[in-house]
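Asker: Pasting in a structure now, in structure tokens, and then I'll have a few things to ask.
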Amino acid sequence: MKLKKLILPLVLLLSLTAYKSIEEPEYIDIQELRKLYSSGDPSTWPAAQLHENVDKTTFQDIGVLPAMPYPAYNPYSEEKQSLGKVLFFDPRLSSSGQIACASCHNPELGWTDNLTRSFGHDRQTGKRNSMTILNSGYATSLFWDGRAKSLEDQAQFPIGDPLEMNEKLTIAVDKIAKVKGYKPLFEAAFGDSKVSLQRIQYAIATFERSIKSPKSKFDHFVSGKSEAYTDQQVKGLHLFRTKAQCINCHNTPYFSDNQFHNDGQTLFGTKFEDFGRYNVTKDVKDIGKFRTPTLREVANTKPWMHHGHFPSLLDVVELYNLGNPSPVQKRYLGTARDSLIPKSDPMLQKLSLSKEEIGDLLAFIETLSTPNQRIMIPALPK
């Protein structure tokens with residue numbers, strides 16, 4: 001009888017202990033995390049929880065942006081940057097004389113246009129959301145599908161695109177060459193007044209590399225300013241690198257791995273269907289893959305995703321929290337389109353973040369953005 005009385009409380013105690021370990025979240029010492037993350041020494045940070053598909057040998061953690069790199073074939077000069085700025089705002093590069101690079105990349109709108117999909121020539125709607133040019137000098141390829149290998153390469157695409165500026169490249173060059181006011185600008189930038197497509201590309205790329213974020217609250221915090229973050233933001237940073245799994249794709253100080261992933265947003269079988277990287281490589285493994293966008297300034301670059309269908313960052317986080325349970329288009333199984341059915345990245349999985357954790361994560365993500373900047377719009381040469 002006495003043995004039974006001892007066993008029952010013991011069983012109840014073990015049951016309650018087991019229940020507690022399952023139901024209650026793991027205890028996190030916020031002050032310890034604050035100390036580690038704001039130490040200025042990333043080697044002291046808790047280990048990032050990386051998916052098995054992430055290459056651990058090349059992985060680079062988040063941190064403060066380094067100096068902007070400029071390629072040896074197109075080194076920086078103030079004169080070249082100034083010329084590029086004028087060209088960036090000049091609508092004469094378009095066939096209508098109404099559309100400039102700045103039409104879709106407005107400095108007061110996070111260097112994008114805050115539209116689902118941008119308007120181009122004759123008010124035609126483009127196929128994708130405009131990516132910000134902020135910090136684009138850290139990208140190793142450009143556009144959602146990576147079809148441009150550099151900012152110099154990228155600069156020519158919008159000019160010739162019939163949905164954007166709709167101008168023949170040779171004509172665009174000729175129009176700029178006929179503007180007398182450009183001659184001294186090209187001479188200052190390149191040594192003589194000759195106008196060429198390559199020089200236009202190099203100047204615009206040099207200007208775009210100068211569009212870099214100032215230090216954010218995140219940068220100040222991880223550099224030693226421990227009071228810059230609230231407890232909620234500290235928890236959000238830790239979640240970002242651990243349970244929330246964001247670090248798998250949004251790594252490096254640029255907050256992008258510069259890789260391509262299928263996050264289930266191909267919209268297969270709909271009028272918005274977009275195969276992304278596949279359109280460039282024609283490799284079926286690339287169907288539905290898009291370049292990982294930077295999260296720096298992300299609060300200023302709404303709406304989100306390549307199709308611009310997500311009006312809030314909460315929508316984006318909820319999508320990934322649920323593992324994007326997009327249904328398989330079964331009606332295409334066994335048809336001619338069977339081999340084109342997209343396969344989502346294996347890193348896309350249910351996260352089981354609580355409402356509180358989602359709030360923490362969003363609080364952290366917002367610290368990656370800085371107030372929108374105003375710049376002096378240049379007077380166009382005549």
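The values are calculated or read from the model by the stated rules, or taken from the named source; none is laboratory data. This is a predicted model, so every value here is computed, not measured. We place every Cβ from the backbone using ideal geometry, glycine too, and count neighbours over all the protein chains shown. These area figures cover heavy atoms from the full protein model, side chains too; ligands, DNA and RNA do not enter into them. Shrake-Rupley method; radii C 1.70, N 1.55, O 1.52, S 1.80 Å.
Asker: Checking the a/c ratio against 1.5 first, then a/b against b/c, what shape does the Cα gyration tensor give for the stretch 222-379?
Answerer: Here the stretch 222-379 falls in the prolate category.
Asker: Here is a follow-up. Report ³J(HN,Hα) in whole Hz for each residue of the stretch 331-344, in order, from the Karplus equation J = 6.51 cos²θ - 1.76 cosθ + 1.60 where θ = phi - 60°; Gly and Pro get x.
Answerer: Going residue by residue, I get 5, 9, 5, x, 9, 5, 9, 3, 6, 9, 5, x, 10, 5 Hz, with x marking Gly and Pro.
Asker: Assuming a ≥ b ≥ c are the square roots of the Cα gyration tensor eigenvalues, decide whether the chain counts as rounded (a/c under 1.5), prolate (otherwise, with a/b larger than b/c) or oblate. Spell out each step's value before the answer.
Answerer: Working: a/c = 2.84, a/b = 1.76, b/c = 1.61.
In terms of gyration-tensor shape, prolate.
Asker: Rounded to the nearest 10 degrees, what's the angle between the helix 355-365 long axis and the longest principal axis of the chain, both from Cα atoms, 0 to 90?
Answerer: Helix 355-365 sits roughly 30 degrees off the main axis of the chain.
Asker: OK, next. Note the full-extension length gain between residue 343 and residue 198 as 0.36 nm times their separation in residues minus their Cα-Cα distance, in nm to one decimal. Don't jump to the answer; show the numbers that get you there.
Answerer: Values: separation 145, 0.36 × 145 = 52.20 nm, distance 3.89 nm.
Full-extension gain reported as 48.3 nm.
Asker: Can you give the relative contact order of the stretch 264-382 as a percent, counting alpha carbon pairs under 8 Å and 6+ residues apart? Working shown, then result.
Answerer: Details: 113 pairs, mean separation 33.5, N = 119.
Relative contact order of the stretch 264-382: 28 percent.
Asker: Rolling a 1.4 Å sphere over the protein heavy atoms, what is the accessible area per residue of the stretch 324-382, to the nearest Å²?
Answerer: Working: 3940 Å² over 59 residues.
Computed with neighbouring chains in place, this is 67 Å² per residue.
Asker: Say the cut-off is 20 Å between C-alpha atoms; which of 56/343; 56/355; 243/355 go over it?
Answerer: Values: 56/343 23 Å; 56/355 31 Å; 243/355 14 Å.
In this structure, 56/343; 56/355 exceed 20 Å between Cα atoms.
Asker: Within the stretch 114-129, which residues have the backbone N less than 17 Å from the label spot 7 Å out from residue 98 along Cα→beta-carbon, could you tell me?
Answerer: Once the point is set 7 Å along Cα→Cβ of residue 98, 118-126 turn out to lie under 17 Å by backbone N, inside the stretch 114-129.
Asker: Using only helices, what value at 222 nm comes out for the chain when you add -39,500 (n - 2.57) per DSSP H run of length 4 or more and divide by the total residues, to the nearest 500 deg cm²/dmol? Before the final figure, lay out each step's value.
Answerer: Working: 14 runs with 124 residues, N = 382.
When only DSSP H runs of four or more count, the value is -9000 deg cm²/dmol.
Asker: Which residue fluctuates the most in the chain, going by a Gaussian network model with Cα springs under 10 Å, if the choices are 227, 79, 297?
Answerer: Among 227, 79, 297, the largest mean-square fluctuation in the Gaussian network model of the chain belongs to 227.
Asker: Also, quick follow-up: Of 290, 340, 306, which is farthest on the positive side of the dipole of the stretch 279-382, counting Cα position, with +1 on Lys and Arg Cβ, -1 on Asp and Glu Cβ, and the Cα centre as origin?
Answerer: The one lying farthest along the dipole's positive direction is 340.
Asker: Between residue 283 and residue 106, what is the FRET efficiency for a Förster distance of 41 Å, r being their Cβ-Cβ separation, to the nearest 0.05?
Answerer: On the way: r = 35 Å, r/R0 = 0.85.
After rounding to 0.05, the efficiency reads 0.75.
Asker: OK, next. Rounded, prolate or oblate, given the Cα gyration tensor of the stretch 92-182, with a/c below 1.5 counting as rounded?
Answerer: Values: a/c = 1.62, a/b = 1.32, b/c = 1.22.
Verdict is prolate for the stretch 92-182.
Asker: Evaluate the relative contact order of the chain (contact order divided by residue number), counting alpha-carbon pairs under 8 angstrom at least 6 apart; express in whole percent. Intermediate results must be reported in sequence, preceding the final value.
Answerer: Numbers: 633 pairs, mean separation 83.5, N = 382.
The normalised contact order for the chain reaches 22 percent.
Asker: What's the magnitude of the charge dipole for the chain around its Cα centre, counting Lys and Arg as +1 and Asp and Glu as -1 at the beta-carbon? Answer in Debye, nearest 20. Don't jump to the answer; show the numbers that get you there.
Answerer: Numbers: 47 positive and 43 negative charges, 103 e Å.
Around 500 debye, computed over the chain.
Asker: Skipping prolines and chain starts, which residues have an amide H placed within reach, meaning under 5 Å, of the one on residue 289, given they are 5 or more residues away or on another chain?
Answerer: 277, 278
Asker: For residue 366 and residue 36 in the same chain, what is the full-extension length gain: residue separation times 0.36 nm, less their Cα-Cα distance, in nm?
Answerer: On the way: separation 330, 0.36 × 330 = 118.80 nm, distance 2.05 nm.
Length gained, residue 366 through residue 36: 116.7 nm.
Asker: Quick one: how many lysine pairs does the stretch 131-235 have with C-alpha atoms less than 26 Å apart and a gap of 8 or more or different chains? Give me the count, please.
Answerer: Within the stretch 131-235, the lysine pair count is 18.
Asker: Then there's this: To make sure I understand the rule: partners must be aspartates and glutamates, Cα under 13 Å from the Cα of residue 289, and not fewer than 8 residues away in the same chain. Which ones qualify?
Answerer: 145, 263, 273, 274, 345
Asker: Now for a different question. With a 1.4 Å probe and every protein chain left in place, work out the accessible area per residue of the stretch 66-211 in Å², rounded to a whole number.
Answerer: Numbers: 6300 Å² over 146 residues.
Solvent-accessible surface per residue comes out at 43 Å².
Asker: Who wins for biggest fluctuation among 298, 179, 195 in a Gaussian network model of the chain, springs between alpha carbons below 10 Å?
Answerer: Greatest mean-square fluctuation among the candidates belongs to 179.
Asker: Could you compute the FRET efficiency for residue 380 and residue 169, with r as their C-beta to C-beta distance and R0 at 30 Å, rounded to 0.05? Walk me through the intermediate numbers first.
Answerer: Values: r = 20 Å, r/R0 = 0.66.
For R0 = 30 Å, the calculated efficiency reads 0.90.
Asker: Determine how large the accessible area of residue 243 is when every protein chain is in place; take a 1.4 Å probe and give Å² rounded to the nearest 10.
Answerer: Approximately 80 Å² of residue 243 is accessible to the 1.4 Å probe.
Asker: A further question on this structure: What distance in nm lies between label points placed 7 Å from Cα along the C-beta direction at residue 335 and residue 215?
Answerer: Between residue 335 and residue 215, the simple spin-label model gives 5.6 nm.
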